[in-house]
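Notes to accompany the following structure.
The values are calculated or read from the model by the stated rules, or taken from the named source; none is laboratory data. These numbers were taken from a predicted model, which means no experiment stands behind them. Here the Cβ positions follow ideal geometry from the backbone for every residue, glycine too, while neighbour counts run over all protein chains shown.
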Amino acid sequence: MSSQLHDIQSNFTAYLRDPDTSAHPSDVPLARMRVYEDLVFRNISSLLTNNFPVVAECTGGDWNAKMRRFIRDHRAHAPHFPQLPLEFLAYLDSLSQDADRDEHAIVARFPFIAELAHYEWVELDVQIAPIPAVVTDADPIRMDHRLVLNPTAHVLAYGWPVHQIGPDFLPLEQPQTPTFLAVFLSPNAKVEFMSLTPLAALLLENIDKAASSVADQIKKLSEQFGDQVPDDLTTDTTNLLDHLRSKGLVYATTVDHSGGEI
């Protein structure tokens, strides 16, 4: 690439990113550059507003300014436009970690913004996932049932109650208790949201790491609780599994002694 062509492209894109402080290319009419710049801003802003509607609502008048700064400052690596929401998550994460940046002010005003945006992205990711093929035994949960997590499921742990945040609830103090959630696609292609107890979150994380029998999962939980094993761990776990299976979050299959499905 010639130096002259590189300079033309750099000046052109600099104006598209930051028309307020960048000079428009002298060989392109200003009116035309404003059309290009407006198209870039509207396309990116529209995509991200549709992907992060609650974040946009919560931040109100700061949203357009945030879009301007994102376009100006972030250097995306994703090759496809639909992957831009992931770039926005990376941008918010960088703001959260760098208190010296001017744009960090929005994190100070909305300290939950990075987690809320991630929660909204998860919903989109689940929405476009293939419908899971449910293979589950209809019998009540037994110790020999092999447990498998719904392949579309995201088991999440947040410091903020992201599922409750909206324009009418903008917390500034992070609760001492974390929020555990599951987001997944049901067999009828509906996105489901579920609040989880610490026991449910731990159980689902264990199932996700290793699909094994109910007995093995209870044994694993017992080891993790150590000296603080609940008296009713087995009963609580089997009741919980029945509930999770009824929602389509966990599948239970019958296995023979050789490990194959019957």
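Things worth noting here:
- Within segment 244-254, being touching a strand residue (DSSP E or B) at 6+ places or on another chain (Cβ under 9 Å) and either assigned to a helix (DSSP H, G or I) or surrounded by fewer than 17 Cβ atoms within 10 Å (Cβ to Cβ) (or both) holds for LEU244, ARG245, LYS247, THR253, THR254.
- Enumeration of residues in segment 161-182 that are part of a loop (DSSP other than H, G, I, E, B), without any contact (Cβ under 8 Å) to a residue 40 or more places away in the chain and over 29 Å from SER246 (Cα atoms): ASP168, GLU173, PRO175, GLN176
- For the residues ILE131, ILE113, ILE165, the requirement of being more than 14 Å from the chain's Cα centre (by Cα) and crowded, with 19+ Cβ neighbours inside 10 Å singles out ILE165.
- Single residue of segment 138-160 satisfying the filter (under 21 Å from the mean Cα position of the chain (by Cα) and within 21 Å of ASP242 (Cα to Cα)) that is surrounded by the fewest Cβ atoms within 10 Å (Cβ to Cβ): PRO151
- Looking only at segment 26-56, and only at residues there that are over 24 Å from ILE106 (Cα atoms) and basic (Lys, Arg), the one that is surrounded by the most Cβ atoms within 10 Å (Cβ to Cβ): ARG34
- Among the residues of segment 210-252, those identified as closer than 18 Å to GLU192 by Cβ and under 25 Å from the mean Cα position of the chain (by Cα) are LEU240, LEU241, HIS243, LEU244, ARG245, SER246, LYS247, GLY248, LEU249, VAL250, TYR251.
- Subset of segment 11-26 that is modelled with pLDDT under 80 and out of contact with any Phe, Trp or Tyr (no Cβ under 6 Å at 6 or more places or on another chain) - its residue that is nearest to ASN43 (Cα to Cα): ALA23
- Among (1) touching a residue at least 24 places away in the same chain (Cβ under 8 Å); (2) of a type in the set (Ser, Thr, Tyr); (3) surrounded by 16 or more Cβ atoms within 10 Å (Cβ to Cβ), the one test that SER195 misses: (3)
- Looking across LEU181, LEU185, one residue alone is under 15 Å from the mean Cα position of the chain (by Cα) and at pLDDT below 95. It is LEU185.
- Within segment 209-233, the residues that satisfy the criterion of being crowded, with 16+ Cβ neighbours inside 10 Å, assigned to a helix (DSSP H, G or I) and either in contact with a Leu (Cβ under 7 Å, 6 or more places away or on another chain) or of a type in the set (S, T, N, Q) (or both) are VAL214, GLN217, ILE218, LEU221.
- Some residue of segment 202-210 being modelled with pLDDT of 90 or more, touching a Ser or Thr at 6+ places or on another chain (Cβ under 7 Å) and closer than 30 Å to ILE106 by Cβ: no
- Helices (runs of 4 or more DSSP H) contained in segment 26-120 and holding at least 2 residues of a type in the set (A, V, I, L, M) and over 28 Å from THR179 (Cα atoms): 30-51, 62-73
- Residue count for segment 57-93 satisfying the condition of being surrounded by 15 or more Cβ atoms within 10 Å (Cβ to Cβ) and more than 16 Å from the chain's Cα centre (by Cα): 14.
- Considering only residues in segment 183-208 that are in a loop (DSSP other than H, G, I, E, B) and in contact with a Pro (Cβ under 9 Å, 6 or more places away or on another chain), the one that is nearest to VAL126 (Cα to Cα) turns out to be SER186.
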